[in-house]
Structure formats: C-alpha cells, structure tokens
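Here is the structure we will look at, set down as structure tokens.
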Amino acid sequence: MKKISNELKIGTIAIVTVAIFIWLFTFMKGSELFTRTATYHIIYPQISGLQESSPVEINGYQAGIVQKIEFINDGSGRLSVSISVNKEFDLPEGTTAQITTATLIAGMKIVLLFGDGLGIYHSGDTIPGVVATSIIDKVGNELVPLKGNITEMLITLDSLSLQLKELFSDEFNSNIHGTIANARKISGDLAEITGAEKKELSQALENISRFTDMLAANTGSLDSTLKNLASISDTLASADLGKSLASLKSSLNSADSLLQALNNGEGSAGKLMKDDSLYVNLNNSMKSLDLLLTDLREHPKRYVHLSVFGKKDN
C-alpha cells in the first residue's frame, strides 16, 4: 500500500480548514448552509439598530435570521433587509415584519406577524415592514410631558428649602433646645412623682381590681336588681302618671280656691272664720247658761213648784 505523503496530508488539512472557515464566515453573515430556507425582502425607512444575524421570530420561536442589510440607492434613504426563514413556515399574505427590541438592554429583532390573506408569500417576495416603538422610546415619550412638572417641582423644592433655611434660624434652634430641655425636666418630675406615688397607685389599682371582682361575683344580683327596676319603670309607665298628676293638680287647684274663699270670708265656713260675733254671742250665751244653771242649782224652788196640799210657797 502506497504511503500518503506529508504534503498531501497538509494540503487536505488546509482545504478542510478553509472550507470550515468559509462556512463559519457565511453563517455569521446570515447565510445558512445545508438547510432548506426561503429568503424574503423587507423595505424599512430605518431599522433602529437592527444588524445582520439578528433573530427572526414567529410567535416567540426563532424561525430564521437577518441575512443581509443594504441601502437602496434611490435617494430615499430606505434600507432593504433580507431574511432567511425555514421553509416549514408558510407566511400568509398580509404578514408583516416588525422590528422590535430583543431585550430591555440592547439588541433588535424581527417579529413576523401573520396576516389573514388566502395566498402565501414565496421565496424572493417582499414583505411589508414596520418599526415598533421601543420601550426606551415609549418611556421617553411619556417622560417628556413630565419634564415641565418636574421643573416646576424643583423650583418649588428650592423655594421650600430657602424657607426652611430661614425658619431654622439660631433663635429657633435655641427655642427648640429649650423646649426639649423643659420636656426632659417635666419627664423627670413625672418620674419622681410616679416613684413617690407608686404605692398609692398600686393600692388604687388593687382596689379597682377588687371592685371589678365584686361586680363579677354579684352579676346575678345586679341583673335581678336591674330587672326589678325595669319592672317598676314598666309599672309606673302603665299607671298613667300623667293623668294622675293632672288629677292631683286639679284637686290642689280646688283646695287652693276653697282656702282662698275661706280666707276671704265667703260662705258659712268663711264667715265663721272671719266674723267673731258668733263667737262672742256663743260666749255670752254660755255665760248666761252657766249663771242660769248656777241659780237653778242654788234656788231650785224658783223653777220647780211641788205642793202636796196645794199650798204655794212664796
């Protein structure tokens, strides 16, 4: 068997190395060898930092890569982007290629958004392209209206800081320190008072505890007493105190009228109370009656005549 020379070995290794290098270079530029892909073209007014070899996704799955980017020499400044997509994915008509951010930090990608057309795009066709607003642009657009508000807020804060600086003058600080010192002194005095009256406070708390225990022990009696009070209040309510008081008031008014009539000497009783002539007459009559009874007792014969034989005694 003929032995392979070293030159042939070196040549073979060199050819394989160059082939691998060419394949890697082509792959890094976006060309996929040994795979079945379809190439589509998209026209963009600007690509927002899209680069060759950037991913092409369908519903979050990487279905291809950006193969080539080049300017269109018609003075419009537009760019033509060529992408290679696996032929397994049929792109319906109306599909758009949207450039959007790949990550929050950096990088762009193309997302294929399927349309609802009846036909499909073929390799070499041009797909409509759009550029989505990036998250950074959205944040920037939202921050622009806030710029004026932030500026006004900074001016207000600056004014407030000046006012606070004027407020916290040496005199104000001195007053604050004095107030703190007084508060410390008051707290010390309270601590001393609390220490001196600690025994009394403990005794008071103990008495309160005993009182609450007593209330707890006599809950039944208190409940019975309250029920009795409720019963009494119900009895008083059913007794119609208003009507009774009205009747009593009427009786008192009548008694007052009677007493006033007696005091004015009206009627027989009033005259008896106000006119003393009856008393004088009665008194004189009693005196006369007393004299008559006395004379009758002393000289009965003057009033009673007894004669057995009809003889009259003078």
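Between ASN228 and ASN263, the FRET efficiency from the beta-carbon distance, with R0 = 45 Å, is close to 0.45. Rounded, prolate or oblate: pick one for the stretch 36-132, where a ≥ b ≥ c are the square roots of the eigenvalues of its C-alpha gyration tensor, a/c under 1.5 means rounded, and failing that, prolate if a/b is larger than b/c, else oblate. It comes out oblate by the Cα gyration axes. Computing FRET efficiency as 1/(1 + (r/R0)^6) for ASN182 and GLU152, where r is the C-beta to C-beta distance and R0 is 30 Å, gives about 0.15. Under 5 Å from the amide H of ALA38 lie the amide H atoms of VAL85, ASN86, LYS87, each residue being 5 or more positions distant or on a separate chain, with H modelled from the backbone and absent for Pro and chain starts. In this calculation the C-beta distance from THR39 to THR103 is compared with R0 = 35 Å, giving a FRET efficiency of 0.85. The stretch between SER238 and PHE25, if pulled fully straight at 0.36 nm per residue, gains 65.5 nm over its current Cα-Cα span. The slack in the chain from SER250 to SER53, taken as 0.36 nm per residue of separation less the alpha-carbon distance, amounts to 59.4 nm.
The length gained on full extension between GLU70 and ALA132, counted as 0.36 nm times the residue separation minus their Cα-Cα distance, comes to 20.3 nm.
Taking label points 7 Å from Cα along the Cα-to-Cβ direction, ARG297 and ASN207 give a separation of 7.8 nm.
Backbone phi angles across the stretch 225-230, fed through the Karplus curve with coefficients 6.51, -1.76 and 1.60 (θ = phi - 60°), yield HN-Hα couplings of 4, 4, 5, 5, 4, 5 Hz in residue order; Gly and Pro are listed as x.
Every read-out reported here was derived from the displayed coordinates using simple, explicitly stated rules and does not represent laboratory data. Given the structure is predicted, the values throughout are model-derived calculations rather than measurements. Virtual Cβ from ideal backbone geometry, glycine too; neighbours counted across all protein chains shown.
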